[in-house]
Amino acid sequence: MDIPVLAFDRARGADGTFDPEFLGALRAALHEVGFLQLTDFGAAPGQVAGFTDVVGRFFALPPQERLVLDNRLSPHFRGYTRLGHEITAGRPDAREQLDYGPELPARPREEWDAPFRLLEGPNQWPDALPELRTVVLAWADLMCRVAEELTRAVAASLGLPEDQFADAFAGEPHWFGKLIRYVGADSDGPEAQGVGPHADWGFLTLLLQDGTGGLQARPPRATEWVDVPPVDGALVINVGEMLEVATHGYLVSTVHRVLPCAPGTTRQSAGFFWSPRLDATLDAVPLAPELAANAPGVVESAHNALLPRFGDNALKGWFRSHPEVAQRHHPELASELAAGSVRP
């Protein structure tokens, strides 16, 4: 099975309406595979190369400069995660990364209307590389524009109004980004993983990967892993759990993984996770009968309940992936969540 490649500059016709052929291809890709690659998405000349370069320079900083931004210092799960300190599928990943999101002031606990408000707060940026903040936030602005238009296209592809999801994203969408470097270990035994098998818990994921390869997906009804090969200048797009919830499983949050790098090598990527407001609830949208007939419902397990209010789903994901941060800053909440005595 091949991963479909679509050109985003062909999404709309000269009259400004979405092209039916593009919408059909988009719907088929996200229903049948859950993944696609998007070219011609509107980056400025040199923007991809400049962004990639500054991310590489961040990971080339001395370790002590990166550790100034240690995410264990942030109660909002922002900052630098050391190699092997993010957990996926119960095991450590062979990657280091910098997590960032909308620049917001921390909300005092007494002002919380739900525990997920702890996810709002400031980023951490390196003084040793001041241009990183400017370049990365410019990239985030581009990704927001692409994601907003792609969200409209997804709605239209399902036969719904373009603004079907507008209310959920109005105000402060809770997107976040990851700058990632995978590092090849000296041993690549059966327990090694770049990132373990998982589904993303947002709405849509937009990923820029380098030419190394190693990203794999397991589409619905497939038993084998499929390579998501690097395509120069393309974003990898995949469905998140919130969009699966909203379409009652017609669009599927496909499980994917990253294979470990060969010893002595690295792989660089940048993920952007587009999600609605923390307090937004996504109920199932009305699907046409022919689509509803192929919407099997939401895939979940006892280990991964899919929660319709986005902030609940997000908090569950952060606490699972970064237990050190959760235990350091929110030990009581972490204990309550682990015991199942409180809704996230």
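The values are calculated or read from the model by the stated rules, or taken from the named source; none is laboratory data. Just so it is clear, the structure is predicted and the values come from calculations on it, not from any experiment. Counting neighbours? That spans all protein chains shown, and the Cβs are built from the backbone with ideal geometry, glycine included. Accessible surface is based on the protein model in full, side chains and every heavy atom, while ligands, DNA and RNA are left aside. Shrake-Rupley method; radii C 1.70, N 1.55, O 1.52, S 1.80 Å.
Worth pointing out:
- At least 3 residues being over 23 Å from Ala314 (Cβ atoms) is the threshold, and among the strands (runs of 3 or more DSSP E) wholly inside the stretch 8-112 those reaching it are 35-39.
- Test: residue in the stretch 126-142 that is more than 25 Å from Gln37 (Cα to Cα) and touching a Gly at 6+ places or on another chain (Cβ under 7 Å): no
- Pairs with Cβ under 9 Å, 6+ apart, first in the stretch 6-28 and touching a residue at least 24 places away in the same chain (Cβ under 8 Å) and among the basic types (Lys, Arg), second part of a helix (DSSP H, G or I) and open to solvent by 40 Å² or more (accessible area, probe 1.4 Å): Arg10/Glu21
- Members of the stretch 232-273 found to be open to solvent by 10 Å² or more (accessible area, probe 1.4 Å), aliphatic (A, V, I, L, M) and assigned to a loop (DSSP other than H, G, I, E, B), listed by number: Val252, Leu259, Ala262
- The stretch 202-231 - residue that is touching a helix residue (DSSP H, G or I) at 6+ places or on another chain (Cβ under 9 Å) and more than 28 Å from Asp283 (Cβ to Cβ) and, of those, least open to solvent (accessible area, probe 1.4 Å): Leu208
Let's see how each residue does on (1) at pLDDT 95 or above; (2) out of contact with any strand residue (DSSP E or B) (no Cβ under 7 Å at 6 or more places or on another chain); (3) open to solvent by less than 10 Å² (accessible area, probe 1.4 Å):
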residue	(1), (2), (3)
Gly46	yes, yes, no
Val55	yes, no, yes
Phe59	yes, no, yes
Pro62	yes, yes, no
Arg66	yes, no, no
Ile87	no, yes, no
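- Those residues of the stretch 95-137 which are among the basic types (Lys, Arg) and open to solvent by less than 40 Å² (accessible area, probe 1.4 Å), in sequence order: Arg95, Arg117
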